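Let me begin by presenting the structure, written as structure tokens, before commenting on it.
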Amino acid sequence: MAARHCRAVVAFIAVTFGSNQHDIPMAAIAAVTAVVVVAGAGLVVRAPLARVPENTMKFVVGVMLTGFGTFWAAEGAGGHWPGSDTALLVLLPAIAAFSLGLVGPLRRSNAPTASSAPADATAHATKVS
């Protein structure tokens, strides 16, 4: 289902950009091409990506969405980034570093301890052993 959703999003984005340029036929060709490229890339990287933990994948996607969203929001509001598009090479790692800085303390504060385990879970673990 996720692959189908991804292809639909790619096609929608391509057609939207084509519509803004008043060239729907070219946008349709770009959408079909994009779907084929994304599907092919998905097939190629499926096995390696299956080994990446789900939370890590979500974190990376979140960083990318936040970085590109911040960049495009500023551009849309009329702002200009120093270095133009190369500002993303600073913005994305900065957001990743900031996010990792926030995740570290949260991970340590939410780590389960032996004393915080439910009593019945400890009893069950003892019975099974």
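Throughout, read-outs are computed from the coordinates displayed, never taken from laboratory work. Since the structure is predicted, the reported quantities are computational estimates derived from the model, not experimental observations. Cβ placement follows ideal geometry from the backbone for every residue including glycine, while neighbour counts extend to all protein chains displayed.
Just subtract the alpha-carbon distance of Ile29 and Met64 from 0.36 nm times their residue separation and send over the number in nm, one decimal. Could you put the intermediate results ahead of the total?
Working: separation 35, 0.36 × 35 = 12.60 nm, distance 2.66 nm.
9.9 nm is the gain from fully extending Ile29 to Met64.
Using a Förster distance of 22 angstrom, determine the FRET efficiency expected from the C-beta separation of Phe12 and Glu54, and round it to 0.05.
On the way: r = 25 Å, r/R0 = 1.14.
In this case the efficiency is close to 0.30.
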Packing-based order for 27-33, 74-80, using average beta carbon neighbours within 10 Å, highest first: 27-33, 74-80
